[in-house]
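I have placed the structure first, in the form of structure tokens, so that the comments after it can refer back to it.
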Amino acid sequence: MWRVVAMSDSVVVQLGKKLRLEDVMAVGFGAEVQLAPEAEAGIQAANALVRERIERTGEPPVYGVNTGFGALAGISIDREKLKELQINLIRSHACGVLEPLSEEVSRMLVLLRAQVLALGHSGARLELVLALVDLLNHGVHPVIPSRGSVGASGDLAPLAHLALVLVGEGEAIFKGERMSGAEALSRAKLKPVELEPKEGLSLINGTQAMTALGTFAYFRARNALESANIVGAMSLEALQGTSKAFDPRIHALRPHPGQIWCAEQIARLLEGSEIAVSHENCDKVQDPYSLRCMPQVHGAVLDGLSYVERVLTIEINSVTDNPLVFAEDDAFISGGNFHGAPVAFALDHLALLLTSLMAISERRIEQLVNPALSSGLPPFLAEDTGLNSGFMIAQVTAASLLTEAKVLAHPASADTIPSSANREDHVSMGMTAALKAFRVVSFAEIVLGIECLCAAQGIDLRAPNRPGKALISVHSAFRERISYVAEDTILQPLIQEAAAWISEGACRDFAGC
């Protein structure tokens, strides 16, 4: 299982206060949650206004409280049927299909929905917020199908499957076992919730599915990028590249923050290299772009990830309900905070960033296995070439994944399909963007794992000369997990293990990052 890159400093994550992305990840991996006491007053004031407005006579109807939904908003609902309206909404919108989100992402989604309600502009009861907290703290994880959202009024279908478990329906995972929502609540000694007016709508309007999955993808992407610097430096050593391209004077003349960071990190990794000394008087003038331009490419990925981080940080602390309740102004205001465009754009960009990271990594793999390019390394890094094919097809695997990533890098947010009888006439496709980004990140981890296999093999073949001191540590730790390939063997399990080495962050740990 993937190891959290940056866990929360807090033992308990508090709802109703500003969350960090690290807090969201911490809850995904089991951290406890509680409602900040100071949030209770705002929740109760908004709910009081909902209850009061229902009792008033002569007031115009409030969308989703005493009207139908979407294209049915013009239909008024009788007071005695307002609770039925909310449960009908949940049941009718639970249209998710295909494989469910992981338990970690399900937990993150529950947290983010609870955070929306805890910010005090949804009108839900305090009891509903605490019921969501109970799901997390008692380990009841709703089974949430991954497909079915277009990011219109947010992630309606995924969130409806969450809400089903709250009311004792749907399915959940409890202690590793999949069961009915009712059974999961019973085993956890929790009671189903009976939804009050507006509460069904308050549970499903918003971007929490795309944001939860996108947050996980972001952390994995950041880990992959930092690993790419290390693996790229290993490849440079194996290929007898030069450190001149990382001279700080170069990057001061084009001071993109990511570029400067990457150049500094790679230069540090190369310090003390015996391999560099061994070829310092060679006639090579410049390295290929996949080596020389790592700061420019990897650095641009970092700068892009900073944008993704900013968007997600804002989103996890936003109220995406509709209509919004402003208790202090006695007002219900309909708007569009549920629209997923900001998150969709960011996650589409994330897929593009990781595709570029894969592309430059695959080119370094080619440099390592191609005898015309590898500065004297044996063809495909194999001893007794011909009898052994070495890493020939590992490069093909990387190329295959890169090709699929290029297809997935097409932005989902460029598309829109009107829904709800054209009332929702522009949609974000944000969940599709999140699913694509998550898939591309997993591909990037594998490609970087293949590069690490090849680079480590190349460093072995440069013995007795050794790489930079930090890379000696990385290489030694990698070899404790995956041995040198002296003759042809089944590479698939080695590729899986190397990808795990990347995704777990072990590469970063041993480099001292």
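The values are calculated or read from the model by the stated rules, or taken from the named source; none is laboratory data. Computed from a predicted structure; not experimentally measured. Here the Cβ is made from the backbone with ideal geometry for all residues, glycine too, and neighbour counts use every protein chain on show. Ligands, DNA and RNA are excluded from the accessible area calculation, which covers all protein heavy atoms including side chains. Shrake-Rupley method; radii C 1.70, N 1.55, O 1.52, S 1.80 Å.
Listed values, structure above:
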{"read-out": "For the stretch 193-326, average projected area of the Cα convex hull in nm²", "value": "12.1 nm²"}
{"read-out": "Fraction of the pair-distance distribution of the stretch 44-155 above 25 Å, Cα-Cα pairs, percent", "value": "32 percent"}
{"read-out": "Listed peptides 105-118, 238-251 by packing density, highest first (mean Cβ within 10 Å)", "value": "105-118, 238-251"}
{"read-out": "For the stretch 19-61, diffusion coefficient by Stokes-Einstein and Kirkwood Rh (Cα), 20 °C, 1.002 mPa s, µm²/s", "value": "160 µm²/s"}
{"read-out": "Pairwise centroid distance, computed over Cα atoms, of the stretch 177-191 with the stretch 448-513, Å", "value": "45 Å"}
{"read-out": "For the stretch 335-452: span of alpha carbons on each principal axis (Å, largest first)", "value": "68, 20, 18"}
{"read-out": "Overall form of the stretch 438-501 per C-alpha gyration tensor (a/c, 1.5; a/b vs b/c)", "value": "oblate"}
{"read-out": "Compactness of the stretch 369-513 - radius of gyration and Dmax, Cα, Å", "value": "20.1, 71"}
{"read-out": "With 5 Å bins from 0: P(r) over the stretch 275-412, alpha-carbon pairs, percent", "value": "2, 8, 12, 13, 13, 11, 9, 8, 6, 5, 4, 3, 2, 2, 1, 0, 0"}
{"read-out": "Accessible area per residue in Å² at 1.4 Å probe, computed on the chain", "value": "40 Å²"}
{"read-out": "Distance violations [Cα-Cα > 28 Å] among Lys244/Lys469; Lys18/Lys189; Lys81/Lys191; Lys406/Lys469", "value": "Lys18/Lys189; Lys406/Lys469"}
{"read-out": "Among 224-233, 439-448, 384-393, the order from most to least packed when residues are scored by Cβ within 10 Å on average", "value": "224-233, 439-448, 384-393"}
{"read-out": "Sequence-distant residues sharing a close amide H with Ser146 (under 5 Å, placed H)", "value": "Val97, Glu99, Leu101"}
{"read-out": "Packing-based order for 287-300, 326-339, using average beta carbon neighbours within 10 Å, highest first", "value": "287-300, 326-339"}
{"read-out": "Whole-angstrom gap from the stretch 334-410 to the stretch 78-93, using each part's C-alpha centre", "value": "49 Å"}
{"read-out": "Per residue Cα convex hull volume in Å³ - calculated over the stretch 406-461", "value": "60 Å³"}
{"read-out": "Paired Rg and Dmax values of the stretch 110-173, which use every Cα atom, in angstrom", "value": "11.7, 31"}
{"read-out": "Pairs of alpha carbons in the chain whose separation is greater than 28 Å (percent)", "value": "57 percent"}
{"read-out": "Amide H partners (placed H, <5 Å) of Gly123, local residues excluded", "value": "Asn47"}
{"read-out": "Coordinate range along principal axes, alpha carbons of the stretch 147-241, Å, largest first", "value": "67, 33, 18"}
{"read-out": "Given charges at beta-carbon only (K, R positive; D, E negative), |dipole| of the chain in Debye", "value": "260 debye"}
{"read-out": "Sites matching GluC sites (Glu not before Pro) across the stretch 276-315 that sit in DSSP coil, with at most 12 neighbouring C-beta atoms within 10 Å", "value": "Glu280"}
{"read-out": "Rotationally averaged projected area of the stretch 99-215 (alpha carbon convex hull; nm²)", "value": "6.4 nm²"}
